[in-house]
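Participant: I'd like to ask some things about the structure below.
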Amino acid sequence: MSDMLGIASNGISAYQRALSTVSNNIANVNTEGYSRQDVVLADSAPKKIASMYVGTGVMLKTIKRQYDEFAESNLRNSTSDLSNQKPMVEYTKRVMDIMGDKSVGLSSALDDFFTAASSLSADPASTVLRTSFMRSSEGVASRFAELSGQLDLVATETRQGVESTTNQINTLTSQLALVNQGMAKYPTVDLQPPELLDRRDLMLRQLSDLARIKTSFSPNGTVTVSMGTTMTQGVVVDGNKARPIGVN
């Protein structure tokens, strides 16, 4: 009778944990970076009675994340490729719009200048054509000044954007180093708390959205991050140490 009660008690306890895990999944359905968790149940160690082994019920073996390392790695690489091209395309488009704008660009002003110059060369003594030529010359000079101001503004915004991105990268690498420090307490990745692994992967995803990165994982899940051409160059996260980058 006591064995029956013990098996029933273990079963109720295990499935209570399973229901708690399901509730946690539902509660975090909109949590950024959260990975769905599954309960792994296993049979308890059987008890030997006389010459037989009798089952003792079920137990909660572990709670594991639904995580695909290959898919996550591809997502980071794709995000890096997209984010690397996006600023270049945006700023190039702005420069092209400025240069091609009729009110700011040089094309229309230069056309007017050469038209006035051609007319003046045909009749150099004409006061009207001289005045028109001077006016078109001043227009070209004005356009150059206005264009220079617009391009300076783009350059300033570009520099500020790079500095902002650098600060974000340094913040994320510092946080990753702290996560690595917390993960160093466990010898294997299977023993790591799922929440800690979710934080690591979310920060790696956010980091890949800012710069192209390379990653290397140790058996316990701690990550080394490099921004160089190889894993040994441009290391920004190494264990519990983060190496800040700067803008030159």
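Participant: Most mobile of ASP81, ASP201, ASP68 per a Gaussian network model of the chain (Cα springs, under 10 Å)?
Facilitator: Per the Cα network of the chain with a 10 Å cutoff, ASP68 tops the list.
Participant: Cut-off 10 angstrom, C-alpha nodes, Gaussian network model of the chain. Which of GLY55, GLY33, GLY161 fluctuates the most?
Facilitator: The residue that fluctuates most here is GLY55.
Participant: Quick check: residue separation of SER174 and ARG65 times 0.36 nm, minus the Cα distance between them. What number comes out in nm?
Facilitator: In short, 36.8 nm is gained.
Participant: Under a 10 Å cutoff between Cα atoms, tell me which one of ALA50, ALA177, ALA122 has the largest fluctuation in the Gaussian network model of the chain.
Facilitator: Between ALA50, ALA177, ALA122, it is ALA50 that shows the largest mean-square fluctuation.
Participant: Looking at VAL179, GLN16, THR127, which one has the Cα that reaches farthest to the positive end of the dipole of the chain (charges on Cβ: Lys, Arg +1; Asp, Glu -1)?
Facilitator: Positive-end residue among those listed: GLN16.
Participant: State, to one decimal in nm, how far the label point of GLU163 lies from the label point of ARG205, with both points 7 Å from Cα in the Cβ direction.
Facilitator: The modelled label-to-label distance comes out at 3.1 nm.
Participant: In whole percent, how big is the carbon plus sulfur part of the accessible area of region 181-233, probe 1.4 Å, protein atoms only?
Facilitator: Exposed carbon and sulfur together represent 55 percent of the surface.
Participant: On to the next question. Suppose each label sits 7 Å from its Cα in the direction of the beta carbon; what would the MET231-ASP190 distance come out to in nanometres?
Facilitator: Each label point is offset 7 Å from its Cα along the Cβ direction, giving 2.2 nm.
Participant: So what's the gap between the Cα centers of region 92-146 and region 9-60, to the nearest angstrom?
Facilitator: 80
Participant: Here is a further query. For region 27-69, which whole-number percentage of the solvent-accessible area (1.4 Å probe, protein heavy atoms only) is attributable to carbon and sulfur atoms?
Facilitator: The value for region 27-69 is 52 percent carbon and sulfur by accessible area.
Participant: Is the shape of region 106-248 rounded, prolate or oblate, going by the alpha carbon gyration tensor and its root eigenvalues a ≥ b ≥ c, with a/c under 1.5 for rounded and a/b larger than b/c for prolate?
Facilitator: Cα axes put region 106-248 in the prolate bin.
Participant: Related question: Please work out how many pairs of lysine residues in the chain are eight or more positions apart (or on different chains) and have Cα atoms closer than 27 angstrom.
Facilitator: Here the count comes out as 11.
Participant: Please list, ordered by chain and number, the residues whose modelled amide H lies under 5 Å from the amide H of VAL58; skip anything fewer than 5 residues away on the same chain.
Facilitator: The answer is GLY11, SER44.
Participant: Roughly how many percent of the accessible protein surface of region 74-170 is carbon and sulfur, given a 1.4 Å probe and a whole-percent answer?
Facilitator: Carbon and sulfur: 59 percent of the exposed surface of region 74-170.
Participant: Accessible area per residue, 1.4 Å probe, Å², for the chain: what's the number?
Facilitator: 64
Participant: Distance between Cα centroids, region 157-182 to region 225-242: provide it in whole Å.
Facilitator: 13
Participant: Rounded to the nearest 0.05, what FRET efficiency do LYS241 and VAL95 give with R0 = 41 Å and r taken as the Cβ-Cβ distance? Could you check?
Facilitator: Given R0 = 41 Å and the Cβ-Cβ separation, E is 0.55.
Participant: For region 1-57, state which trypsin sites (Lys or Arg not before Pro) are in a DSSP loop and have at most 16 other beta carbons lying within 10 Å of their beta carbon.
Facilitator: In loop regions of region 1-57 (DSSP not H, G, I, E or B), the sparsely surrounded trypsin sites (Lys or Arg not before Pro) are ARG36.
Participant: Using 0.36 nm per residue of separation minus the Cα-Cα distance, give me the extension gain between LEU75 and ASP111 in nm, one decimal.
Facilitator: Between LEU75 and ASP111, full extension yields 8.0 nm more.
Participant: Assuming 0.36 nm per residue, please report the length gained on full extension of the stretch ALA125 to LYS102 beyond their Cα-Cα distance.
Facilitator: Net length gain for the segment: 5.2 nm.
The values are calculated or read from the model by the stated rules, or taken from the named source; none is laboratory data. Here the structure is a predicted model, which means the values were calculated and not measured. As a convention, Cβ positions derive from the backbone with ideal geometry for all residues, glycine included, and neighbour counts pool all protein chains shown. Note: accessible area is taken over every heavy atom of the protein model, side chains too, but ligands, DNA and RNA are not part of it. Shrake-Rupley method; radii C 1.70, N 1.55, O 1.52, S 1.80 Å.
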